[in-house]
Amino acid sequence: MQLSPSPLSSDRLTAYEAQTLQLEDIRTHPPEAALHQLGHSLMTELMDVVGDTALEDFHILISEALIGAFHSAAQRIERDADKARDQLAGLVRDFDGSEVLDTEIQDATRKACAADVATLAMEIVRDAAAAAYSTTTGEVWSPWKGSVKASRTTAAQIEARDALRSAKARKHAATDPGAIIVAFRAAPQADTAEDAGRIFDALNWAKDQWPDMALATSGAKGAEKLAIKWAKQKGVTLVLAKADFDRHGRAAPFRANDEILALDPVCVLTLPNSINGERASDLKPFGPALNLAQKAAERGLRHHAVKARG
């Protein structure tokens with residue numbers, strides 16, 4: 001039988017374990033290590049089954065769908081917790097000292113706290129599965145839509161639309177990127193070791209300049225995926241302005257630039273082509289990166305082009 005952590009070791013409890021102890025539930029909760037192992041095992045088993053089969057061509061989509069399932073579960077449970085808190089606020093406002101309302105307040109409090117713990121449990125499984133996915137494939141998982149709150153093991157990841165709404169209203173702390181945004185757009189072909197070194201140099205420079213920075217990018221493949229990996233390693237909040245090809249067609253990457261610029265970045269970093277001369281000679285410069293650099297210049301924003309050393 002799984003046992004909850006002892007209250008005597010509360011100084012060593014994780015956030016999840018501490019919250020489980022506060023619940024008035026005689027049933028035990030899965031240990032955090034077991035939840036982590038669940039996420040890791042599910043992803044590893046999936047990759048083992050799909051690998052070297054006819055489904056291998058779709059392994060990224062299938063793997064991200066598994067991670068997304070736990071992300072969706074966490075969001076749905078969190079909405080239940082929010083509903084319970086709204087109910088609780090109303091009960092507290094109308095409290096008249098009666099035993100009936102007092103019981104309802106206690107029930108609503110328990111429901112909200114239990115949902116908070118369940119949300120955290122699903123996020124632990126999600127993050128473990130995402131970590132195993134990254135280790136196996138080298139890819140970085142991000143939700144197809146919506147934002148991801150910062151957790152114990154991951155940095156926050158925010159959709160640009162959420163960040164813009166939050167920047168205007170300042171109501172939802174989970175999607176407020178803060179005032180210091182550094183924008184980055186780069187060519188998909190700029191993914192060589194040489195490119196990675198210079199991209200990391202540029203981003204490290206930016207973080208030295210603005211330690212509390214958030215990184216805004218579209219999350220396109222290649223160089224921008226490298227930037228996302230850097231942000232996750234450094235614990236830097238991500239603001240993703242994903243290109244919506246369904247809505248905007250071929251103009252989608254440029255609409256993403258507009259979203260990024262609407263965040264009022266303090267600095268714009270661009271890399272229109274690979275630093276690797278052989279790779280660059282075969283491909284045209286990346287139009288959206290050139291477009292962002294041009295718009296930054298028109299607005300008088302600080303802009304730096306990522307270049308080869310020397």
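Per-residue packing, averaged as other Cβ atoms within 10 Å, sorts the ranges 117-123, 15-21 into the order 117-123, 15-21, beginning with the highest.
Relative to one another, the C-alpha centroids of region 48-127 and region 13-37 are positioned 15 Å apart. Between SER281 and ALA18, the contour length at 0.36 nm per residue exceeds the Cα-Cα span by 89.0 nm.
Can you tell me how much longer the chain between THR53 and ALA251 gets when fully stretched, taken as 0.36 nm per residue apart minus their C-alpha distance, in nm with one decimal?
67.6 nm
Computed in the context of the full set of protein chains, the accessible area of region 9-109 at 1.4 Å probe radius has 54% of its extent on carbon or sulfur. Ranked by the mean number of other Cβ atoms within 10 Å of their residues, highest first, the peptides 291-303, 261-273 come out as 261-273, 291-303.
Report, in listed order, any pair from LYS83/LYS221; LYS111/LYS221; LYS83/LYS229; LYS225/LYS295; LYS83/LYS207; LYS111/LYS242 with a Cα-Cα distance greater than 32 Å.
On the way: LYS83/LYS221 38 Å; LYS111/LYS221 42 Å; LYS83/LYS229 35 Å; LYS225/LYS295 23 Å; LYS83/LYS207 38 Å; LYS111/LYS242 35 Å.
Among LYS83/LYS221; LYS111/LYS221; LYS83/LYS229; LYS225/LYS295; LYS83/LYS207; LYS111/LYS242, the Cα-Cα distance tops 32 Å for LYS83/LYS221; LYS111/LYS221; LYS83/LYS229; LYS83/LYS207; LYS111/LYS242.
Per-residue counts of other Cβ atoms within 10 Å, averaged by peptide: what ranking do you get for 34-40, 183-189, highest first?
183-189, 34-40
Extension gain, GLN75 to LEU290: 0.36 nm times the residue separation minus the Cα-Cα distance gives 73.7 nm.
The values are calculated or read from the model by the stated rules, or taken from the named source; none is laboratory data. Everything numeric in this text was worked out from a predicted model, so none of it was measured. Backbone-built Cβ (ideal geometry, glycine too); neighbour counts: all protein chains shown. Note: areas computed on protein heavy atoms with side chains; ligands, DNA, RNA excluded. Shrake-Rupley method; radii C 1.70, N 1.55, O 1.52, S 1.80 Å.
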